[in-house]
Amino acid sequence: MSENSSTTTPDSLEVPGATPHFRTELAAQLAELVPEAVADGKLDIEKLRELLADDVADGNERFGLFWPGKKRALRAAQAPTTATLKPDFAHSKDWDTTQNVFIEGDNLEVLKTLQRHYHNKIKLIYIDPPYNTGKDFVYPDNFKEGLDTYLEWTRQVNEEGKKVSTNSETEGRYHSNWLNMMYPRLKLARNLLTDDGVIFISIDDNEIDNLTRLCKEVFGESNFSTTFIRQKKKKPSFLHENVGSMTEYVICVTRNRSFTFPFSVDVTTAGKKYPLNNAGNSLGILRFPAGIVRFRMSDCTVEPQDMSEGNIVTKLLDTLVIENGVNKNEFRLEGEWRYSQATLDEIVADGDLITISKIPFRPNHVKAGGEVKKMHNLLTPNTYGAGTNEDGTEELIQILGGDYFDNPKPSSLVRVLTQAVTYDDPTAIVLDFFAGSSTTAHAVMALNAEDKDDGKRRFIMVQLPEPTPEESEARKAGFNTIADISRKRIELAGEKIKTDSPMTTQELDTGFRAYKLSDTNFSKWRVTSDVAVNELEQHLLDLRDSADDEAQADDLLTELLLKLGYSLTEPIHTETIAGLEVRKVGDNGVLAYLNEHAKPTLAQLRALVDAAPARIIVLEDAFHGDDELKTNLAQHAKSRGIELWTA
């Protein structure tokens, strides 16, 4: 390929090669909010300190959670990655129709790949991380929080590999090692939650104090909701030297408490589903002052529009005047509300900015008496039907036919938590990035079955391919990794749910698209600063080509869609247009030509434009260095209002 072919043609766009660098984004946000704190293109920290005045801590003594390696753990969360996900058709179920996802890979890198599309889209996260008992901290030796180490450990790069390790107290930095694992993952998870999103974290006595303080730091102290106490055993365990233990904990933190509705598992939907709200003004026209405007139901639009969602009717009645992201005029909305006009006027009088996202469109579900029946924070089989760990073990044995996984959580526990948060949103996305045996996926499918036609919740499971012990019953049964157990549990649990309720679950989504974490398929996107001198020449030769010659079209398309902000469950079809095999994404949203070996003619490329998609993606290598061909395509696409992306 010619030297010039890697450059971006005017009017064409180049797909970004890595996830965003979050430190840079934060600096950009601060510069937007406080432009006077920018000097010579850099943030002036002393100026920020001066502007913040009394809000800044004075001196070196300050309250907080500190441990060895904390700064490095933060950098691990902020560092961009070139990682991608490869479709695993062989281990998927109902690929073409499902909205569920299972990802095999290190959850830190996976969370980074999810940032672009799933930012602010996950309603509920439940995780059951390693409890740090000294036996269950399973990550590669000398884990560097990076893609290269993960690939080595899973032997995708070389045959050396890494042994599975535990976090023993005798190794030193016992709690620090655990916090260094959790901190960057929680930082990234927070970005994914919706404004009214919630995260639940199961934990025991070993790390509950540290985890509580960590969550308050990452999510904000005001967003720490509660600590649920759950009955984990039917009879006490006497492993503790002083007392018998029957309980453990589920920490609950909200993304933004002001948006979060009360937790309830006792919701009455008979009669009018959305009666008057507690603010006393659920239906009518409300007036908003000028200020920042963010629409939660659609992209920001200046023209009056219908923004209805479900049974809620919400209309923007006035044209907005947006300058630099700020609306310059007063406007009105017609619909159902959580706050009265008097309450809004008080907020305005206090000098607070009003944003649309601060006034939730969707009102609370309420009981016939007019109040939500809040749940309490004791989870037992006799209160909310949240089973014990023995129930979880027995449940999994019945599904898989053997005792292949230690201490699985019962699906009834996660079902209760999911219902408590998603009763007002039966289409919510639920994420578990320590999936284990995929109890969370089982719970989501079971709750959807209970809700019948209304239950459309979707799950995303992420699980490290941790090897099962060589002499274990799981290995003898053919489960080489925990990820193998996890996928099989989803398959069999879905079949059982449909069998148990054959008349009400025919449309129930029990499938999943399977993916595996991998390095980028594009040579030019790989980080090159660590290339050894003796390998540099070959590396430069590899960079002549845009895409890896071994990469399949589906692998390339998945990576490009991820980095352009599309979901992992987009409908994709293969079509032939003017003799070119292309991938069509969504309702003609994207046409992608991914064959680097066959150079298309201008007439063929014009046919892609004539198909009128919103975007066209063409591999850089497909032009074979013909800049004139690329320029002609870019100009033709621009004349039709179509985005052209190259990679």
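The values are calculated or read from the model by the stated rules, or taken from the named source; none is laboratory data. Note that the structure is predicted; figures quoted are calculated from it, not measured. Because the Cβ atoms are built from the backbone with ideal geometry, glycine has one as well, and the counts that use them run over all protein chains shown.
Of all residues in region 579-611, those satisfying the criterion of being under 34 Å from the mean Cα position of the chain (by Cα) and part of a strand (DSSP E or B) are Glu581, Val582, Arg583, Lys584, Val585, Val590, Leu591, Ala592, Tyr593.
Does any residue of region 245-257 turn out to be at pLDDT below 65, farther than 18 Å from Lys123 by Cβ and part of a loop (DSSP other than H, G, I, E, B)?
Quick first cut of region 245-257, residues at pLDDT below 65 only: none.
No, there is no match, as no residue in region 245-257 is at pLDDT below 65, farther than 18 Å from Lys123 by Cβ and part of a loop (DSSP other than H, G, I, E, B).
Can you tell which of Lys584, Lys563 is surrounded by 17 or more Cβ atoms within 10 Å (Cβ to Cβ), of a type outside the set (A, V, I, L, M, F, W, C), under 26 Å from Asn100 (Cβ atoms) and at pLDDT 95 or above? Lay out the reasoning, then the answer.
On the way: Lys563 fails: at pLDDT 95 or above.
Step by step, each of Lys584, Lys563 is checked, and only Lys584 is surrounded by 17 or more Cβ atoms within 10 Å (Cβ to Cβ), of a type outside the set (A, V, I, L, M, F, W, C), under 26 Å from Asn100 (Cβ atoms) and at pLDDT 95 or above.
The lone criterion from (1) within 26 Å of His117 (Cβ to Cβ); (2) part of a loop (DSSP other than H, G, I, E, B); (3) in contact with a strand residue (DSSP E or B) (Cβ under 9 Å, 6 or more places away or on another chain) left unmet by Asp621 is number (2).
Restricting attention to region 94-114, does a residue exist that is in a helix (DSSP H, G or I), under 22 Å from Arg489 (Cα atoms) and not small (Gly, Ala, Ser)? Please lay out each step first, then the result.
Taking region 94-114 and keeping what is in a helix (DSSP H, G or I), we get 107-113.
Among the residues that remain, those that are also under 22 Å from Arg489 (Cα atoms) are: 107, 110.
Now drop any that are not not small (Gly, Ala, Ser), which leaves 107, 110.
Yes.
Filtering region 636-643 for residues that are small (Gly, Ala, Ser), buried (at least 16 other Cβ atoms within 10 Å of the Cβ) and assigned to a loop (DSSP other than H, G, I, E, B) leaves an empty set. Which condition number in (1) part of a helix (DSSP H, G or I); (2) closer than 18 Å to Phe263 by Cα is the one that Met375 fails? Of everything listed in (1) part of a helix (DSSP H, G or I); (2) closer than 18 Å to Phe263 by Cα, Met375 misses just condition (1).
Which one of Ala493, Ala443, Ala435, Ala420 is in a loop (DSSP other than H, G, I, E, B) and either modelled with pLDDT of 95 or more or closer than 18 Å to Asp266 by Cβ (or both)? If you could, list the steps in order and put the result at the bottom.
Working: Ala493 fails: in a loop (DSSP other than H, G, I, E, B); Ala443 fails: in a loop (DSSP other than H, G, I, E, B); Ala420 fails: in a loop (DSSP other than H, G, I, E, B).
Unique residue meeting the criteria: Ala435.
For first residues located in region 236-265 and over 15 Å from Leu417 (Cβ atoms), partners that are among the basic types (Lys, Arg) and surrounded by fewer than 11 Cβ atoms within 10 Å (Cβ to Cβ) and lie 6+ apart or on another chain with Cβ distances below 9 Å form the pairs Gly244/Lys235; Met246/Lys235. Flag set for His573, criterion: within 30 Å of Thr510 (Cβ to Cβ), free of Cβ contacts under 8 Å to residues at least 24 places away in the same chain, not acidic (Asp, Glu) and not in a helix (DSSP H, G or I).
For region 421-435, a residue qualifies if it is over 15 Å from the mean Cα position of the chain (by Cα) and buried (at least 24 other Cβ atoms within 10 Å of the Cβ), and exactly one does: Val421.
Please determine whether any residue of region 263-285 is modelled with pLDDT under 70, assigned to a strand (DSSP E or B) and not small (Gly, Ala, Ser).
Within region 263-285, the subset modelled with pLDDT under 70 is 267-285.
If we keep only those that are assigned to a strand (DSSP E or B) too, we end up with 284-285.
From what's left, not small (Gly, Ala, Ser): 285.
Yes, region 263-285 contains at least one residue that is modelled with pLDDT under 70, assigned to a strand (DSSP E or B) and not small (Gly, Ala, Ser).
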